[in-house]
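Beneath this line is the structure, given in structure tokens, with notes to follow.
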Amino acid sequence: MPLRPITLTPHFLRTAPSCLIECGGTRVLCTATVQEGVPPFLKGKGQGWLTAEYAMLPASTNMRKARDGLKKDSRGVEISRLIGRSLRQAVDLTRLGERTITIDCDVLEADGGTRTASVTGGFVALTLAVADLIRRGPLFDSPIVRQVAAVSVGMVAGEPVLDLCYSQDSRADVDMNVVMDEKGNFIEVQGTGEGAVFPRKDLDTLLDMAAEGIASLMEKQRETLGGAARWIAPRTPRLLLATNNEHKARELRAILQDHYAVVSLKEAGLPAEVEENGATFAENAALKAEAVMKLARCAVLADDSGLFVDALGGAPGVYSARYAGAHGDDAANNRLLLQNLKDVAAPRTARFVCAMALARPGRDTLLVEGSVEGRIIDAPRGRNGFGYDPLFEYETGETFAEMAEEKKNAISHRNRAAAALLMALEAGA
């Protein structure tokens, strides 16, 4: 049995991100309002909140329904909580920042399935609100981690029915509301044997029917959202990189491309400069990541890396980028390194070390390191790479500057630090 005819109209209001959802004779106006700040129990925790309110207009049914006064309609409160619970599952609240999104669902006409329509239409309004936040700048990336939709199913006169209208719902033996994500996982199932008990096989039939209906609803959601659908999971999340060094950005973009879309400060329109006055690579990486996180209010990755030469007691170390005085003068840094090693015989062992810091609102900064062993040769070789790459010879006999970019990225200190970062994240750090 198919869904009732469904229409989703985005941007129904000019005053807020909105969606009018029409399922058969049911019409619900869903809006998403964004406010800075969170409820008292979340203040200072670096995360946001999503809540919902549901109400039926007085003329939404054949008999006038009284408006809510000081005492809220208990049915409306229960449905509001269902909508809020369901749509919170769509959002990583730690990526929302300290702001609150309220989904208001006002039933214009009721002909069954108003709560499930509210979830489905509310998700569209939520996505439009997120797209607007990203467009205006308060959000760097989408906090939406799963797509959510809902539908009703039931047994009427012994037959399974999808998306019940009021006349079917009022005489159903079994009535069920199902909320799912795009992977077919259940978010909420509300099922009642109102007129009769029902066997497990009927439950399985109804859940399978709900899954098919929700898949169709999700196609409709994406079609309705148009370009804004790119902010819905599954998608590659964006990751802000605290650097204006395009060489670093390009390397990390290639290394992390299967996990994140890396965006530099320049690309994000945030030309922030942070003084690197830490005593270690880890301190400098944390300084940069945390400073930019406070500015951008999103997760930020920063790295600090350099060269340790054993014969020089670990120099240039944390001063690698400014070894010769001016920051980032690769040619001068290389000349000074060779001058300081002119009386040192081979093997001139050395290693590149990279410290990475991931700063996230409301969470401790995650720190990892990676290193790669090699030696310093007598004269530069190769035209690729940057920094000390022309002088750093790997165990294969090639300098980093002689290697193709793909080969260097597969073995570099940044690659190893990134692998440690991903492993830590997968472990729940």
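The values are calculated or read from the model by the stated rules, or taken from the named source; none is laboratory data. Model, not experiment: these values are computed from the prediction. Because the Cβ atoms are built from the backbone with ideal geometry, glycine has one as well, and the counts that use them run over all protein chains shown. Each accessible area value is taken on the protein alone, full model and side chains, heavy atoms only, with ligands, DNA and RNA left out. Shrake-Rupley method; radii C 1.70, N 1.55, O 1.52, S 1.80 Å.
On the accessible surface of the range 220-287, probed at 1.4 Å, how many percent belong to carbon and sulfur atoms? Reported share for carbon and sulfur atoms: 48 percent. Amide H contacts for PHE12 (H built 1.01 Å from N in the peptide plane; partners 5 or more residues away or on another chain; cut-off under 5 Å): SER18, CYS19, LEU20.
Of GLN190, GLN47, GLN221, which is the most mobile in a GNM of the chain whose springs link Cα atoms less than 10 angstrom apart? Highest fluctuation of the listed residues: GLN190.
Calculated mean residue ellipticity at 222 nm for the chain: -9500 deg cm²/dmol, from DSSP H runs with n ≥ 4 weighted as -39500 (n - 2.57), summed, divided by the residue count and rounded to 500. Specify whether the C-alpha gyration tensor of the range 84-144 places it in the rounded, prolate or oblate class, a ≥ b ≥ c being the square roots of the eigenvalues: rounded for a/c under 1.5, otherwise prolate if a/b is larger than b/c and oblate if not. Verdict is prolate for the range 84-144. For the pair the range 329-353 / the range 154-199, the C-alpha centres are spaced 73 Å from each other. Counted without the sites themselves, the longest stretch of the chain free of GluC sites (Glu not before Pro) in a DSSP loop having at most 11 other beta carbon atoms within 10 Å is 1-272. By its C-alpha gyration tensor, with a ≥ b ≥ c as the square roots of the eigenvalues, how is the range 249-307 shaped: rounded for a/c under 1.5, else prolate for a/b larger than b/c, else oblate? The shape class here is oblate. Enter the angle in degrees (range 0 to 90, nearest 10) between the Cα long axis of helix 330-340 and the first principal axis of the Cα atoms of the chain, meaning the one along which they spread out most. That helix lies at roughly 40 degrees to the long axis. Comparing Cα centroids, the range 393-429 and the range 90-134 end up 42 angstrom apart.
Residues within the reach of a label modelled at ALA233 (point 7 angstrom out along Cα to beta-carbon, backbone nitrogen below 11 Å), restricted to the range 58-102, are 89-93. For the residue pairs LYS248/LYS294; LYS43/LYS65; LYS288/LYS342; LYS266/LYS288; LYS43/LYS248, the alpha carbons lie more than 26 Å apart in LYS43/LYS65; LYS288/LYS342; LYS43/LYS248. Across the chain, C-alpha contacts under 8 Å between residues 6 or more apart give a mean separation that, scaled by the residue count, equals a relative contact order of 11 percent. With a Förster radius of 22 Å applied to the C-beta separation of ASP364 and ASN277, the computed FRET efficiency comes to 0.55. Taken along the Cα-to-beta-carbon direction at a fixed 7 Å, the label points for VAL77 and GLU36 span 3.3 nm.
Placing one equal scatterer on every Cα of the chain and applying the Debye formula, the log10 ratio I(q)/I(0) at q = 0.06, 0.12 Å⁻¹ is -0.37, -0.94. A cut-off of 5 Å between modelled amide H atoms, ignoring neighbours fewer than 5 places along the same chain, links ALA299 with no other residue. Restricting the trypsin sites (Lys or Arg not before Pro) of the range 365-429 to loop positions (DSSP other than H, G, I, E, B) with no more than 14 neighbouring Cβ atoms within 10 Å leaves ARG383.
Between the amide H of LEU239 and those of ALA261, VAL262, VAL263, distances stay under 5 Å, these residues lying 5 or more places away or on another chain, with hydrogens modeled in the peptide plane. Note that the range 75-197 shows a convex hull volume over its alpha carbon atoms of 111 Å³ per residue. Here the gap between ARG171 and GLU267, fully extended at 0.36 nm per residue and compared with their Cα-Cα distance, gives a gain of 28.7 nm. Using Cα atoms only, what is the angle between the long axis of helix 74-88 and the major principal axis of the chain, expressed in degrees (0 to 90) to the nearest 10? Computed tilt is about 30 degrees. Within the range 84-128, whose backbone N sits under 17 Å from a point 7 Å along Cα→Cβ of LEU13? Counting only backbone N, you get 84, 100-109, 118-128. For the chain, the longest principal axis of the C-alpha atoms and the axis of helix 114-136 are separated by about 30°.
Backbone geometry of the range 16-26 corresponds, through the Karplus equation with coefficients 6.51, -1.76 and 1.60 at θ = phi - 60°, to 3J(HN,Hα) couplings of 6, x, 8, 8, 9, 10, 10, 10, x, x, 8 Hz, x marking Gly and Pro. For the range 1-53, what class follows from the C-alpha gyration tensor (a ≥ b ≥ c being the square roots of its eigenvalues): rounded when a/c is under 1.5, otherwise prolate if a/b is larger than b/c, else oblate? Taking the square roots of the gyration eigenvalues as a ≥ b ≥ c, the range 1-53 is prolate.
Dipole magnitude for the chain: computed about the Cα centre from +1 point charges on Lys and Arg Cβ and -1 point charges on Asp and Glu Cβ, it is near 880 debye.
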